[in-house]
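The values are calculated or read from the model by the stated rules, or taken from the named source; none is laboratory data. Because the structure is a prediction, the values reported are computed rather than measured. As a convention, Cβ positions derive from the backbone with ideal geometry for all residues, glycine included, and neighbour counts pool all protein chains shown.
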Amino acid sequence: MSIGISGYFEVKKNGKWVGIEYLYKRTLQNYEMYSIFFGMRYHTIEPIAYNRGIPDFASEEFLADYEKWGSDAGGATFLSAKEYAAIDWEKSDEDEYLIVEYELIDNQLIYKRDDHSWNLKIPSQMNFDENLEIHDGNRVFKKEFVSRQFYIDHYADSNWLDLLRDFGELGEKHGLENVRMVVFFM
């Protein structure tokens, strides 16, 4: 079963949270982004805003959207612009890594795919317990420790990059304490 995301950018105006932008149509399904930000699906790295529930004083717009989905809505959580601005993008867990395939073209490594891909074929003689990088002709396999930046670099599509840029800009415009992203899954 697939999962989608909905929610709002909220801004605090005159002491009240107001939903200013509906996120449902802005985001495409992206389990990697769901995971690093909100802990939905799989946890390869500690999520930033996991399972916090609906925030106190959520906007009327958010609550109406949440109620509209009824029993299909769940996993509500939120992330403030202040938290977003303070994210340690290089944080990683040394026990969590992906085997990533690159192609060597003109002495440059070009990302091809990682072990989330259906058809990553690693030659059986390769041993990653001792090596961080193994060459097989023009193919290079690297043991990459997973960081949030790795996920942004490899998985964030233009919709998510635009969404995150806009979230940061809203924080700058209205003050980091006065902006948050409130979401739920369905």
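Restricting attention to region 1-30, the residues being small (Gly, Ala, Ser) and modelled with pLDDT under 90 number 2.
Given Asn178, Asn159, which one is under 29 Å from Glu67 (Cα atoms), polar (S, T, N, Q) and under 13 Å from the mean Cα position of the chain (by Cα)? Just a single option satisfies the conditions, and that option is Asn159. Within region 50-65, the set of residues being more than 9 Å from Gly19 (Cβ to Cβ) and touching a Gly at 6+ places or on another chain (Cβ under 8 Å) comprises Tyr50, Asn51. The set of residues from region 68-87 being of a type in the set (Ser, Thr, Tyr) and surrounded by 13 or more Cβ atoms within 10 Å (Cβ to Cβ) comprises Thr77, Ser80, Tyr84.
Only one entry of Ser80, Ser6, Ser59 meets the criterion of being touching a Lys or Arg at 6+ places or on another chain (Cβ under 6 Å) and within 22 Å of Asp162 (Cβ to Cβ), and that entry is Ser80. Among the residues making up region 1-34, a single one is crowded, with 20+ Cβ neighbours inside 10 Å and polar (S, T, N, Q): Ser6. Within region 44-61, the set of residues being polar (S, T, N, Q) and surrounded by 14 or more Cβ atoms within 10 Å (Cβ to Cβ) comprises Thr44, Ser59.
Given region 1-94, what strands (runs of 3 or more DSSP E) lie entirely inside it while holding 3 or more residues that are of a type in the set (A, V, I, L, M, F, W, C) and over 14 Å from the mean Cα position of the chain (by Cα)? Reasoning before the result, please.
Values: elements: 5-13, 16-22, 74-80.
Filter on region 1-94 gives 16-22.
Of note, Ala86 does not satisfy the criterion of being among the hydrophobic types (A, V, I, L, M, F, W, C), touching a residue at least 60 places away in the same chain (Cβ under 8 Å) and within 17 Å of Arg180 (Cα to Cα). Considering only residues in region 149-176 that are surrounded by fewer than 17 Cβ atoms within 10 Å (Cβ to Cβ) and not in a helix (DSSP H, G or I), the one that is modelled with the lowest pLDDT turns out to be Asp157.
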